[in-house]
Amino acid sequence: MFNLNELLRPNIRDLVPYSSARDEFKGEASVYLDANENSLGSPLLKWYNRYPDPLQMAVKEKLTNIKGVTPEHIFLGNGSDECIDVLIRAFCEPGMDNILIVPPTYGMYEVSAHINNVQIKKVPLTPDFQLDLPAMEEAVDDFTKIIFLCSPNNPTGNSLHRGAVEALLNNYFGLVVVDEAYINFSRQRSFLADLQDYPNLVVLQTLSKAWGLAALRVGMAFGSKEIIDVMNKVKPPYNINQASQELVLKALDEVEQVNEMIRVLVEERGRLERELPSLAIVQKVYPSDANFLLVKVRDAKKIYQYLLDKGIVVRDRSSVVLCADCLRITVGTEKENSELIEALKQYQ
Ligand SMILES: Cc1ncc(COP(=O)(O)O)c(C=O)c1O
(Lines give C-alpha, C1' and ligand atoms only; values in the text may rest on other atoms or scores of the structure.)
Protein backbone atom coordinates (compact mmCIF):
# COMPACT_ATOMS: atom_id res chain seq x y z
CA MET A 1 0.00 0.00 0.00
CA PHE A 2 1.03 3.61 -0.52
CA ASN A 3 2.30 5.12 2.72
CA LEU A 4 3.54 8.69 2.45
CA ASN A 5 5.41 8.66 5.74
CA GLU A 6 7.35 5.55 4.78
CA LEU A 7 8.15 6.96 1.36
CA LEU A 8 9.52 10.26 2.69
CA ARG A 9 13.14 10.76 3.69
CA PRO A 10 13.16 10.53 7.51
CA ASN A 11 14.89 13.93 7.86
CA ILE A 12 12.13 15.55 5.78
CA ARG A 13 9.38 13.77 7.71
CA ASP A 14 10.87 15.20 10.93
CA LEU A 15 11.79 18.60 9.47
CA VAL A 16 10.67 21.71 11.26
CA PRO A 17 10.28 24.09 8.33
CA TYR A 18 11.58 27.64 8.29
CA SER A 19 8.92 30.00 9.53
CA SER A 20 9.16 33.28 7.63
CA ALA A 21 7.93 36.67 8.81
CA ARG A 22 5.05 36.39 6.33
CA ASP A 23 4.17 32.93 7.68
CA GLU A 24 3.94 34.23 11.23
CA PHE A 25 1.94 37.38 10.44
CA LYS A 26 -0.57 37.16 7.59
CA GLY A 27 -3.07 39.98 8.21
CA GLU A 28 -3.01 43.69 7.31
CA ALA A 29 -1.01 46.13 9.47
CA SER A 30 -0.05 49.78 9.05
CA VAL A 31 3.58 49.40 10.15
CA TYR A 32 5.69 46.43 9.04
CA LEU A 33 8.85 46.09 11.10
CA ASP A 34 9.04 42.30 11.15
CA ALA A 35 10.98 41.22 8.04
CA ASN A 36 14.03 43.50 7.79
CA GLU A 37 12.77 44.89 4.49
CA ASN A 38 13.64 48.39 3.30
CA SER A 39 10.76 50.52 4.60
CA LEU A 40 11.75 53.47 2.35
CA GLY A 41 10.74 51.69 -0.87
CA SER A 42 12.42 50.53 -4.09
CA PRO A 43 14.38 52.41 -6.78
CA LEU A 44 11.51 51.76 -9.20
CA LEU A 45 8.17 53.43 -9.93
CA LYS A 46 6.41 50.44 -8.47
CA TRP A 47 7.72 49.20 -5.16
CA TYR A 48 8.88 45.66 -4.59
CA ASN A 49 10.31 46.20 -1.10
CA ARG A 50 7.99 43.73 0.67
CA TYR A 51 8.40 39.95 0.60
CA PRO A 52 5.71 38.16 -1.43
CA ASP A 53 3.11 35.71 -0.16
CA PRO A 54 5.14 32.50 0.45
CA LEU A 55 2.14 30.30 -0.46
CA GLN A 56 0.90 32.45 -3.39
CA MET A 57 -2.73 32.13 -2.28
CA ALA A 58 -4.20 34.67 -4.73
CA VAL A 59 -2.61 32.86 -7.68
CA LYS A 60 -3.76 29.46 -6.38
CA GLU A 61 -7.33 30.69 -5.92
CA LYS A 62 -7.43 31.81 -9.54
CA LEU A 63 -5.92 28.51 -10.64
CA THR A 64 -8.73 26.73 -8.77
CA ASN A 65 -11.26 28.34 -11.11
CA ILE A 66 -9.33 27.20 -14.17
CA LYS A 67 -8.14 23.76 -13.08
CA GLY A 68 -10.92 22.70 -10.71
CA VAL A 69 -8.35 21.83 -8.02
CA THR A 70 -8.46 23.58 -4.63
CA PRO A 71 -5.40 25.51 -3.31
CA GLU A 72 -4.39 22.88 -0.73
CA HIS A 73 -3.78 20.49 -3.64
CA ILE A 74 -1.57 22.97 -5.56
CA PHE A 75 2.16 23.64 -5.18
CA LEU A 76 3.79 26.42 -7.19
CA GLY A 77 7.43 26.14 -8.19
CA ASN A 78 9.95 28.42 -9.85
CA GLY A 79 9.15 26.61 -13.08
CA SER A 80 8.11 22.97 -12.99
CA ASP A 81 11.85 22.33 -12.88
CA GLU A 82 11.71 23.38 -9.22
CA CYS A 83 8.76 21.02 -8.62
CA ILE A 84 10.89 18.15 -10.00
CA ASP A 85 13.81 19.07 -7.75
CA VAL A 86 11.65 19.48 -4.63
CA LEU A 87 10.03 16.05 -5.19
CA ILE A 88 13.40 14.33 -5.54
CA ARG A 89 14.83 16.15 -2.52
CA ALA A 90 11.83 15.31 -0.35
CA PHE A 91 11.50 11.63 -1.23
CA CYS A 92 14.90 10.29 -2.31
CA GLU A 93 17.70 9.59 0.16
CA PRO A 94 20.99 10.56 -1.58
CA GLY A 95 23.26 7.59 -2.26
CA MET A 96 20.49 5.11 -1.44
CA ASP A 97 17.17 5.67 -3.25
CA ASN A 98 16.50 5.82 -6.97
CA ILE A 99 14.05 7.21 -9.50
CA LEU A 100 12.83 5.49 -12.65
CA ILE A 101 12.70 7.35 -15.95
CA VAL A 102 11.62 6.20 -19.41
CA PRO A 103 13.90 7.68 -22.08
CA PRO A 104 13.70 9.41 -24.43
CA THR A 105 12.15 11.94 -22.07
CA TYR A 106 12.60 15.38 -20.55
CA GLY A 107 16.19 15.80 -19.37
CA MET A 108 15.71 17.46 -16.02
CA TYR A 109 14.48 14.34 -14.17
CA GLU A 110 17.92 12.83 -14.69
CA VAL A 111 19.86 16.04 -14.02
CA SER A 112 17.92 16.81 -10.84
CA ALA A 113 18.53 13.26 -9.61
CA HIS A 114 22.27 13.60 -10.35
CA ILE A 115 22.43 16.94 -8.51
CA ASN A 116 20.87 15.26 -5.50
CA ASN A 117 23.12 12.17 -5.77
CA VAL A 118 20.09 9.99 -6.40
CA GLN A 119 20.49 6.95 -8.66
CA ILE A 120 18.58 6.68 -11.92
CA LYS A 121 17.01 3.58 -13.41
CA LYS A 122 16.23 3.84 -17.09
CA VAL A 123 13.69 1.74 -18.96
CA PRO A 124 13.48 2.96 -22.56
CA LEU A 125 10.09 3.46 -24.16
CA THR A 126 9.04 0.89 -26.76
CA PRO A 127 9.80 1.75 -30.43
CA ASP A 128 6.34 3.36 -30.68
CA PHE A 129 7.25 5.53 -27.66
CA GLN A 130 4.98 3.80 -25.13
CA LEU A 131 5.67 2.41 -21.65
CA ASP A 132 7.35 -1.00 -21.44
CA LEU A 133 5.43 -2.13 -18.35
CA PRO A 134 7.05 -5.59 -17.89
CA ALA A 135 10.55 -4.04 -18.06
CA MET A 136 9.49 -1.28 -15.66
CA GLU A 137 8.13 -3.84 -13.20
CA GLU A 138 11.43 -5.67 -13.35
CA ALA A 139 13.46 -2.50 -12.85
CA VAL A 140 11.59 -1.18 -9.81
CA ASP A 141 13.09 -2.16 -6.45
CA ASP A 142 12.45 -1.28 -2.79
CA PHE A 143 14.45 1.93 -3.22
CA THR A 144 12.55 3.25 -6.25
CA LYS A 145 10.73 6.23 -4.81
CA ILE A 146 9.48 8.05 -7.90
CA ILE A 147 8.57 7.12 -11.49
CA PHE A 148 8.66 10.16 -13.80
CA LEU A 149 6.38 10.01 -16.83
CA CYS A 150 5.93 12.75 -19.37
CA SER A 151 2.70 12.89 -21.38
CA PRO A 152 2.66 14.33 -23.99
CA ASN A 153 6.27 13.28 -23.97
CA ASN A 154 9.21 15.55 -24.71
CA PRO A 155 10.92 15.01 -27.21
CA THR A 156 8.69 12.43 -28.95
CA GLY A 157 5.47 14.49 -28.81
CA ASN A 158 3.05 11.59 -28.26
CA SER A 159 0.83 10.93 -25.26
CA LEU A 160 1.32 7.79 -23.18
CA HIS A 161 -1.55 5.32 -23.20
CA ARG A 162 -3.79 6.12 -20.25
CA GLY A 163 -4.33 2.45 -19.36
CA ALA A 164 -0.59 1.88 -18.91
CA VAL A 165 -0.26 4.91 -16.62
CA GLU A 166 -3.26 3.68 -14.60
CA ALA A 167 -1.64 0.25 -14.29
CA LEU A 168 1.39 1.91 -12.68
CA LEU A 169 -0.77 4.05 -10.39
CA ASN A 170 -2.62 0.94 -9.23
CA ASN A 171 0.33 -1.40 -8.80
CA TYR A 172 3.33 0.70 -7.81
CA PHE A 173 3.32 2.27 -4.38
CA GLY A 174 5.90 4.99 -4.85
CA LEU A 175 5.07 8.35 -6.40
CA VAL A 176 4.00 8.43 -10.04
CA VAL A 177 4.70 11.89 -11.45
CA VAL A 178 2.87 12.65 -14.70
CA ASP A 179 4.46 15.69 -16.31
CA GLU A 180 1.78 17.37 -18.41
CA ALA A 181 3.77 20.42 -19.54
CA TYR A 182 2.20 20.10 -23.02
CA ILE A 183 -1.31 18.95 -22.04
CA ASN A 184 -3.05 22.04 -23.47
CA PHE A 185 -2.01 21.00 -26.98
CA SER A 186 -3.19 17.43 -26.51
CA ARG A 187 -6.29 15.50 -27.49
CA GLN A 188 -5.95 13.48 -24.29
CA ARG A 189 -7.61 14.07 -20.94
CA SER A 190 -5.45 15.41 -18.12
CA PHE A 191 -4.77 13.22 -15.09
CA LEU A 192 -5.88 16.12 -12.86
CA ALA A 193 -9.37 14.61 -12.64
CA ASP A 194 -7.85 11.40 -11.21
CA LEU A 195 -6.10 12.96 -8.21
CA GLN A 196 -8.81 11.80 -5.79
CA ASP A 197 -8.45 8.21 -6.95
CA TYR A 198 -4.68 7.93 -6.55
CA PRO A 199 -2.83 9.04 -3.39
CA ASN A 200 0.48 8.36 -5.19
CA LEU A 201 -0.24 10.62 -8.19
CA VAL A 202 1.46 13.97 -8.76
CA VAL A 203 0.59 15.93 -11.91
CA LEU A 204 2.99 18.61 -13.15
CA GLN A 205 1.88 21.44 -15.41
CA THR A 206 3.49 24.76 -16.31
CA LEU A 207 2.68 28.28 -17.44
CA SER A 208 5.76 28.17 -19.73
CA LYS A 209 4.13 26.55 -22.76
CA ALA A 210 0.48 27.19 -23.74
CA TRP A 211 0.25 30.15 -21.37
CA GLY A 212 3.26 31.83 -22.99
CA LEU A 213 4.90 32.81 -19.68
CA ALA A 214 8.21 30.91 -19.74
CA ALA A 215 10.19 33.91 -18.48
CA LEU A 216 8.06 34.30 -15.35
CA ARG A 217 9.09 30.81 -14.15
CA VAL A 218 5.89 29.40 -12.70
CA GLY A 219 5.21 25.67 -12.67
CA MET A 220 2.51 23.74 -10.86
CA ALA A 221 2.39 20.44 -9.01
CA PHE A 222 -0.99 18.96 -8.13
CA GLY A 223 -1.36 16.17 -5.60
CA SER A 224 -2.88 15.09 -2.28
CA LYS A 225 -2.85 17.67 0.52
CA GLU A 226 -0.22 15.53 2.31
CA ILE A 227 2.17 15.58 -0.66
CA ILE A 228 1.65 19.32 -1.26
CA ASP A 229 2.30 20.03 2.46
CA VAL A 230 5.62 18.20 2.19
CA MET A 231 6.61 20.15 -0.94
CA ASN A 232 5.77 23.45 0.75
CA LYS A 233 7.89 22.44 3.73
CA VAL A 234 10.92 21.78 1.52
CA LYS A 235 10.79 24.72 -0.90
CA PRO A 236 12.67 28.00 -0.31
CA PRO A 237 10.29 30.37 1.54
CA TYR A 238 9.67 32.94 -1.23
CA ASN A 239 10.17 30.84 -4.35
CA ILE A 240 7.73 32.75 -6.58
CA ASN A 241 8.64 36.43 -6.72
CA GLN A 242 6.11 39.25 -6.40
CA ALA A 243 6.41 40.47 -10.01
CA SER A 244 5.71 36.95 -11.31
CA GLN A 245 2.74 36.52 -8.96
CA GLU A 246 1.24 39.84 -10.11
CA LEU A 247 1.75 39.17 -13.82
CA VAL A 248 0.43 35.61 -13.53
CA LEU A 249 -2.69 36.92 -11.78
CA LYS A 250 -3.33 39.21 -14.75
CA ALA A 251 -2.56 36.51 -17.33
CA LEU A 252 -4.91 34.01 -15.70
CA ASP A 253 -7.82 36.32 -16.59
CA GLU A 254 -7.03 35.84 -20.27
CA VAL A 255 -8.15 32.24 -20.77
CA GLU A 256 -9.80 33.05 -24.09
CA GLN A 257 -6.65 34.64 -25.50
CA VAL A 258 -4.67 31.58 -24.47
CA ASN A 259 -7.23 29.24 -26.03
CA GLU A 260 -6.93 31.18 -29.27
CA MET A 261 -3.12 30.82 -29.21
CA ILE A 262 -3.51 27.08 -28.61
CA ARG A 263 -5.95 26.87 -31.54
CA VAL A 264 -3.50 28.65 -33.87
CA LEU A 265 -0.52 26.56 -32.73
CA VAL A 266 -2.44 23.29 -33.14
CA GLU A 267 -3.53 24.41 -36.61
CA GLU A 268 0.09 25.27 -37.54
CA ARG A 269 1.22 21.94 -36.11
CA GLY A 270 -1.25 20.31 -38.51
CA ARG A 271 0.17 22.30 -41.42
CA LEU A 272 3.74 21.23 -40.58
CA GLU A 273 2.56 17.62 -40.17
CA ARG A 274 1.05 17.78 -43.65
CA GLU A 275 3.81 19.70 -45.45
CA LEU A 276 7.04 18.36 -43.96
CA PRO A 277 6.62 14.74 -45.16
CA SER A 278 6.56 15.89 -48.78
CA LEU A 279 10.15 17.17 -48.52
CA ALA A 280 12.79 14.83 -49.88
CA ILE A 281 14.99 15.04 -46.78
CA VAL A 282 12.18 14.21 -44.34
CA GLN A 283 11.83 10.52 -43.54
CA LYS A 284 9.16 10.65 -40.85
CA VAL A 285 7.11 13.15 -38.90
CA TYR A 286 5.97 11.57 -35.66
CA PRO A 287 2.40 12.30 -34.52
CA SER A 288 2.34 15.04 -31.88
CA ASP A 289 0.06 16.06 -29.04
CA ALA A 290 2.43 18.94 -28.15
CA ASN A 291 3.63 22.27 -29.61
CA PHE A 292 6.58 20.62 -31.32
CA LEU A 293 7.25 17.83 -33.78
CA LEU A 294 9.86 15.11 -33.75
CA VAL A 295 11.07 14.84 -37.33
CA LYS A 296 13.37 12.12 -38.67
CA VAL A 297 15.55 13.45 -41.48
CA ARG A 298 18.29 12.15 -43.76
CA ASP A 299 21.21 13.65 -41.86
CA ALA A 300 20.11 15.46 -38.72
CA LYS A 301 23.47 17.00 -37.80
CA LYS A 302 24.01 18.49 -41.25
CA ILE A 303 20.47 19.80 -41.50
CA TYR A 304 20.67 21.24 -38.00
CA GLN A 305 23.81 23.17 -38.98
CA TYR A 306 22.31 24.22 -42.33
CA LEU A 307 19.24 25.66 -40.60
CA LEU A 308 21.43 27.38 -38.02
CA ASP A 309 23.41 29.06 -40.81
CA LYS A 310 20.07 30.40 -42.08
CA GLY A 311 19.26 31.78 -38.60
CA ILE A 312 16.75 29.03 -37.76
CA VAL A 313 17.47 27.13 -34.57
CA VAL A 314 15.85 23.77 -33.90
CA ARG A 315 16.85 21.09 -31.39
CA ASP A 316 19.15 18.31 -32.52
CA ARG A 317 17.96 15.17 -30.71
CA SER A 318 19.86 12.73 -32.92
CA SER A 319 22.06 11.42 -30.11
CA VAL A 320 19.08 10.60 -27.87
CA VAL A 321 17.97 6.98 -27.52
CA LEU A 322 15.31 5.95 -30.13
CA CYS A 323 15.72 9.35 -31.83
CA ALA A 324 18.53 8.70 -34.33
CA ASP A 325 18.56 11.39 -37.02
CA CYS A 326 15.73 13.28 -35.34
CA LEU A 327 15.25 17.01 -34.95
CA ARG A 328 12.74 18.45 -32.50
CA ILE A 329 11.04 21.41 -34.09
CA THR A 330 8.87 23.81 -32.09
CA VAL A 331 5.76 25.05 -33.88
CA GLY A 332 6.34 28.75 -34.52
CA THR A 333 4.24 31.52 -36.00
CA GLU A 334 2.74 30.99 -39.46
CA LYS A 335 5.59 33.09 -40.94
CA GLU A 336 8.32 31.25 -39.03
CA ASN A 337 6.92 27.87 -40.07
CA SER A 338 6.82 28.97 -43.70
CA GLU A 339 10.45 30.12 -43.44
CA LEU A 340 11.41 26.75 -42.01
CA ILE A 341 9.65 24.83 -44.80
CA GLU A 342 11.16 27.10 -47.45
CA ALA A 343 14.67 26.64 -46.02
CA LEU A 344 14.26 22.85 -45.91
CA LYS A 345 12.99 22.83 -49.50
CA GLN A 346 16.17 24.57 -50.61
CA TYR A 347 18.45 22.07 -48.84
CA GLN A 348 20.64 20.26 -51.36
C1 LIG B 1 8.22 17.99 -20.16
C2 LIG B 1 8.70 19.24 -19.54
N3 LIG B 1 8.55 19.41 -18.23
C4 LIG B 1 8.97 20.53 -17.63
C5 LIG B 1 9.60 21.53 -18.33
C6 LIG B 1 10.09 22.73 -17.59
O7 LIG B 1 9.13 23.70 -17.57
P8 LIG B 1 9.27 25.00 -16.67
O9 LIG B 1 9.52 26.12 -17.59
O10 LIG B 1 7.93 25.10 -15.98
O11 LIG B 1 10.38 24.80 -15.69
C12 LIG B 1 9.79 21.39 -19.71
C13 LIG B 1 10.46 22.44 -20.48
O14 LIG B 1 10.79 22.34 -21.62
C15 LIG B 1 9.33 20.21 -20.33
O16 LIG B 1 9.51 19.99 -21.64
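Brief remarks follow.
- Filter result for the condition that a residue is without any contact (Cβ under 8 Å) to a residue 12 or more places away in the chain, within 30 Å of residue 61 (Cβ to Cβ), surrounded by fewer than 19 Cβ atoms within 10 Å (Cβ to Cβ) and more than 20 Å from the chain's Cα centre (by Cα), over 256, 342: 256
- Test: residue 12 is of a type outside the set (Gly, Ala, Ser) and either within 16 Å of the ligand (Cβ to nearest atom) or under 30 Å from residue 158 (Cβ atoms) (or both): no
- Scanning the stretch 316-338 for residues that are under 22 Å from the mean Cα position of the chain (by Cα), open to solvent by 50 Å² or more (accessible area, probe 1.4 Å) and without any contact (Cβ under 8 Å) to a residue 40 or more places away in the chain returns a single hit, 330.
- Residues of the stretch 41-52 include at least one that is open to solvent by less than 50 Å² (accessible area, probe 1.4 Å) and touching a residue at least 60 places away in the same chain (Cβ under 8 Å).
- Only listed residue being out of contact with any strand residue (DSSP E or B) (no Cβ under 9 Å at 6 or more places or on another chain), β-branched (Val, Ile, Thr) and either in contact (Cβ under 8 Å) with a residue 60 or more places away in the chain or away from the ligand (no atom under 12 Å from the Cβ) (or both), chosen from 234, 218: 234
- Any hit, the stretch 93-108, residues being among the aromatic types (Phe, Trp, Tyr), over 21 Å from residue 2 (Cα atoms), touching a residue at least 24 places away in the same chain (Cβ under 8 Å) and buried (at least 23 other Cβ atoms within 10 Å of the Cβ): no
- Looking across the stretch 1-40, just one residue is touching a residue at least 40 places away in the same chain (Cβ under 8 Å) and of a type in the set (Gly, Ala, Ser), and that is 20.
- In the stretch 52-84, of all residues being away from the ligand (no atom under 16 Å from the Cβ) and acidic (Asp, Glu), the one that is farthest from residue 199 (Cα to Cα) corresponds to 53.
The values are calculated or read from the model by the stated rules, or taken from the named source; none is laboratory data. As the structure is a computational prediction, the values presented were derived from the model and not from experiment. Here the Cβ is made from the backbone with ideal geometry for all residues, glycine too, and neighbour counts use every protein chain on show. Accessible surface is based on the protein model in full, side chains and every heavy atom, while ligands, DNA and RNA are left aside. Shrake-Rupley method; radii C 1.70, N 1.55, O 1.52, S 1.80 Å.
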